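Worksheet: the structure to be examined is printed underneath.
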Number of protein chains: 2
Amino acid sequence: MKALVTVMPKPSVLDPQGAAAAEAIRHHGLEKIGRVRIGKVIEIELPEPADEKTLHEIARDLLSNPVIEDYDLKISEI
Amino acid sequence: MKALVTVMPKPSVLDPQGAAAAEAIRHHGLEKIGRVRIGKVIEIELPEPADEKTLHEIARDLLSNPVIEDYDLKISEI
């Protein structure tokens, strides 16, 4: 089992890293792009099934900052 | 359209940030976890369809470091 936590800046929060990447992408030749946002992804290997509530707690309290970030938790069987 | 680029450290590369997160997760009460790896995800809004080859170039040359990272490119219609 694997838990995949994706953490993205909230839409209302400025993402200077994303803005810098957008600038670099435009410079690279792809001019017609919209917003670019950069987040992180945390892949946790689970040798035994884990409680989903605990995983949500960990994603919210430990792996993201709920003030400026949203998280998404996906659990896969592989 | 959106392009979603996920960049992860190569399996053979040490990921100290992931190791630190694993330690924090264990401390939080979820003791039976395996490896934790941390990567980044870049979401690019595309107002018009973009050439997939160009997107691969951008993912490889601009958004990742091919020496220590692997990338995955997904293009979604939404």
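The values are calculated or read from the model by the stated rules, or taken from the named source; none is laboratory data. These figures come from a predicted structure and were not determined experimentally. With ideal geometry, Cβ positions are generated from the backbone for all residues, glycine too; neighbour counts draw on all protein chains shown. With ligands, DNA and RNA removed, areas are computed over all heavy atoms of the protein, side chains included. Shrake-Rupley method; radii C 1.70, N 1.55, O 1.52, S 1.80 Å.
Kindly compute the accessible surface that chains A and B hide from a 1.4 Å probe when together, both sides summed, and give it to the nearest 100 Å².
The summed interface area works out to 2700 Å².
Taking the label point as lying 7 angstrom from Cα along the Cα-to-Cβ axis, what are the distances from B:Thr54 to the corresponding position in the remaining copies, in ascending order and in nanometres?
Counterpart label points of B:Thr54 in the remaining copies fall at 4.8 nm.
When all protein chains stay in place, what accessible area (Å², nearest 10, 1.4 Å probe) is found for B:Arg35?
110 Å²
For the range B:32-63 and chain A, what is the separation of their C-alpha centers, rounded to whole Å?
Between the Cα centres of the range B:32-63 and chain A lies a distance of 12 Å.
For A:Ser64, B:Ser12, A:Ser76, give me the order by solvent-accessible area with a 1.4 Å probe, most accessible first, ignoring ligands, DNA and RNA. All intermediate terms of the calculation are to be shown ahead of the outcome.
Details: A:Ser64 15, B:Ser12 110, A:Ser76 45 Å².
Largest accessible area first, the list is B:Ser12, A:Ser76, A:Ser64.
With every protein chain left in place, what is the accessible area per residue of the protein assembly as shown in square angstrom, probe 1.4 Å?
Per residue, the protein assembly as shown has 58 Å² of solvent-accessible surface.
If you average the sequence gap of Cα pairs under 8 Å that are 6 or more apart and divide by the length of chain B, what percent do you get for the contact order? Before the final figure, lay out the partial values.
Numbers: 102 pairs, mean separation 42.8, N = 78.
So the answer I get is 55 percent.
When the accessible area of the range B:2-76 is split by element with a 1.4 Å probe, what percent falls to carbon and sulfur?
After summing per-atom areas, the C and S share lands at 54 percent.
Taking H placed 1.01 Å from N in the peptide plane, check which residues at least 5 places from B:Glu69 or on another chain put their amide H under 5 Å from its amide H.
B:Lys10
Using the Karplus curve 6.51 cos²θ - 1.76 cosθ + 1.60 with θ = phi - 60°, work out ³J(HN,Hα) for each residue of the range B:16-30 in order, rounded to whole Hz, and write x for Gly and Pro.
For the range B:16-30, the Karplus curve yields x, 5, x, 5, 5, 5, 4, 4, 5, 5, 4, 5, 6, x, 9 Hz.
Can you compute the modelled spin-label distance between B:His56 and A:Leu46, with each label point 7 Å from Cα toward Cβ, in nm?
Calculated label separation equals 3.5 nm.
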